[in-house]
Every structure is written in C-alpha cells, then in structure tokens.
Amino acid sequence: IAAQLVAAEATCPIEVYSNYYLPAYVGKNSLVIACSYSGNTEETIAAMEQALAKGARVCVITSGGKMLEMAREKGLDHIVIPGGNPPRTMLAYSLTQQFFVLRHYGIIRDGFEKSIAAAAELLEREKEAIKKEALELTGKLVGKQLVIYSEASTEAVSIRFRQQVNENSKVLCWHHAIPEMNHNELVGWAGADKHIAVVIFRHKEDHERSQIRMEINKGVFQNYTPHINEVWSKGDSAIARQLYLINLGDWVSLYWAQKKGVDPSEIAVINMLKGKLAEMK
C-alpha cells in the first residue's frame, strides 16, 4: 500500500518482497525496511539476514519477536508498534511508520501527516455510511464466487480486500488489476457463470483509458453474471481514497463472517502451518 501511494514522488524505486530471497542488486546503497507485526515471520527474518550480509541499511518495524531482538543487538534503526493484536487489525500503525521511515531517509519529502489526519476524519465522519454500504454489498456477495478488480495503481486495495475476505470471512476469492487483466484473464471469462460476483474498486482519478476499459469490461461481465458491483472511493487525497475503500472492505469481510457464523479472528490453519514449520527447523 505504502509503495503505491508514494510512487509518484519517491526518489528511488520501491520494491516489495514477501519471500525468503532478496534480489541480487541489494547492497550497501540499499535501504531494506523489514516489516513484520509479530517480528517472527521467518521469510522476513531470512531476508533481513541477507540484507545485513550484503551491507544494506536495515530498518525494522515490528511489535517484538526475533526481529526486535536482532535490531537491538545489531544497533539497527527500529520502530516498535503496539503488540498483542491480529496483524491485519494494525494496518494503520504499520502504514504510518513506513511513511515516517521513507521520509526519514529522504525517499519522500512528505510524511503525509495532514493527509492521514484528514483521512481519519473522513472515516469517522462517514463511518455509519460506510458500514451501511458494506452491509448492503455483503448481502450481494454471500454465496457467490468473489472476483475483485481495480486499476493497477490501486491494486493494493484489492489485495487487502482479498486477504481480509480470506482470513475474516474464510472465503476463497481472487483479484486482478486493469489494464493487465485485459491481456489474459478477460478471455477466461468465457468459462464464467452466474455464481460469480464482481467488485470493481473505482476512483475518479483512475487513468481515463482505464476508466474506458472498465466500462467495456463491465459489458463483458454482464454476458455471464448479473452480480456486478462498483464501489467508488471518497476523499481529497490518494491516501484518503484508498483508506476509505480499505475500511469499507474490512467491514464487508466482518459482515460476511457474521452471516456465515464464523469467528473472524480464528486462524487455526495458519497456526498449524507455523507449528509444522517450527518442527522442521
């Protein structure tokens, strides 16, 4: 999310890696922001160790765990955020600290304090309207196969929504970004059926060609399903608009869990996976 929001003004490329390996170009002139809420995410720790071995500057954002221990032992720059909560509920803490780190190292000029404050005011002001829209949207999605689309510049919103539906609602779904999906996935719609429900996240600021594509795509989708839902953002800044949609999507995932009668906080299968991995070290 942070990488997409600052792309227009960042003084260098920002790459996001969520695996065990860092690319070969990482070296002494690189800044690696190691961000893990628990501080025990093994692939993040592995990447962090590689970054240190390569001589990169490493900054850690975490609530504790092994990463905080490493940061303190090695004298690394680090920020400690409040712990004890499901990581997905602490997005605002991680996001704001990433902005702070990027500004601290001169990669962006603006820490977005005013935009974040305005976004918080917007979400508070629109809270009941957001919840109402989310509840209505949930009713259109339950029992359907969810597909999520957005413009590539705001794909992070789609990823967040997919992840929240996966974890909170215990539902499989997928997402893709426009224009890329027009070069492949659009053809796959020939095998679609009426049980698919589409959510398209939209912004007035989307590229004009992307907006044209979305209208054409809707025409294709309508050949296969009547369940097409457009969700428009609100806000005076990119941060506000994306946080508005993220907040709405989070509410959808919670309402969906409620309608299914499942616990949105339960992640037993992830804990099982971590336990199995720990046994194999």
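Only the coordinates and a few stated rules stand behind these numbers; no lab work does. Keep in mind the model is a prediction, meaning the values are calculated, not measured. Using ideal geometry, Cβ is built from the backbone for each residue, glycine included, and neighbour counts are taken over all protein chains shown.
Sites counted here are chymotrypsin sites (Phe, Trp or Tyr not before Pro) in a DSSP loop (not H, G, I, E or B) having no more than 15 other Cβ atoms within 10 Å; the longest part of the chain that contains none of them is 106-281. Taking springs between alpha-carbon atoms closer than 10 angstrom, which of 254, 146, 186 fluctuates most in the Gaussian network model of the chain? Highest fluctuation among the options: 186. Positive end of the dipole of the range 18-113 (Cβ unit charges, origin at the Cα centre): among 79, 36, 23, the Cα lying farthest that way belongs to 23. Per the Kirkwood formula applied to alpha carbons, the range 177-224 shows a radius of gyration over Rh ratio, Rg over Rh, of 0.96. Stokes-Einstein at 20 °C, 1.002 mPa s, Kirkwood radius from Cα pairs: D for the chain in µm² s⁻¹? Rounded to a whole number, D works out at 105 µm²/s.
Using just its DSSP H runs of length 4 or more, each adding -39500 (n - 2.57), the chain gives a mean residue ellipticity at 222 nm of -15500 deg cm²/dmol after division by all residues.
Membrane-span-like helices in the chain, defined here as complete DSSP H runs extending at least 15 Å along the helix axis by their C-alpha atoms with mean Kyte-Doolittle hydropathy no lower than 0.5, are 268-279; this is a sequence and geometry rule, not a statement about a membrane.
Distance between the 7 Å Cα→Cβ label points at residue 277 and residue 53: 1.8 nm. Summing +1 for each Lys or Arg and -1 for each Asp or Glu among the other residues whose beta-carbon sits under 12 angstrom from that of residue 166 gives +3.
Note on the chain: dipole from Cβ charges, positive end direction compared against 220, 145, 179; the farthest Cα belongs to 145. Give the aspartates and glutamates reachable from residue 140 as a straight Cα distance under 14 Å; neighbours fewer than 8 places away on the same chain don't count. Filter leaves 230.
The charge dipole of the range 2-111, taken about its Cα centre with unit charges on the Cβ of Lys, Arg, Asp and Glu (plus for the first two, minus for the last two), comes to roughly 180 debye.
Within the range 2-111, all pairs of alpha-carbon atoms sorted by distance into 10 Å bins from zero give the percentages 14, 48, 34, 3. Considering the range 94-235 at the alpha-carbon level, its Rg and Dmax are found to be 17.0, 51 Å. Volume per residue of the convex hull around the Cα atoms, evaluated for the range 1-57, comes out as 82 Å³. Checking the cross-link pairs 54/74; 194/234; 132/259; 66/274; 28/274 against a 21 Å limit on the alpha carbon distance flags 194/234; 28/274 as lying beyond it. Here's how it looks for residue 81: its modeled amide H is under 5 Å from those of 62, 63, which are all 5 or more places away or on a different chain. Think of each Lys and Arg Cβ as +1 and each Asp and Glu Cβ as -1; about the Cα centre, that makes the dipole of the chain roughly 300 debye. Build a GNM of the chain with springs between Cα atoms under 10 Å: which of 166, 217, 184 gets the top mean-square fluctuation? Result: 184 has the largest fluctuation of those listed.
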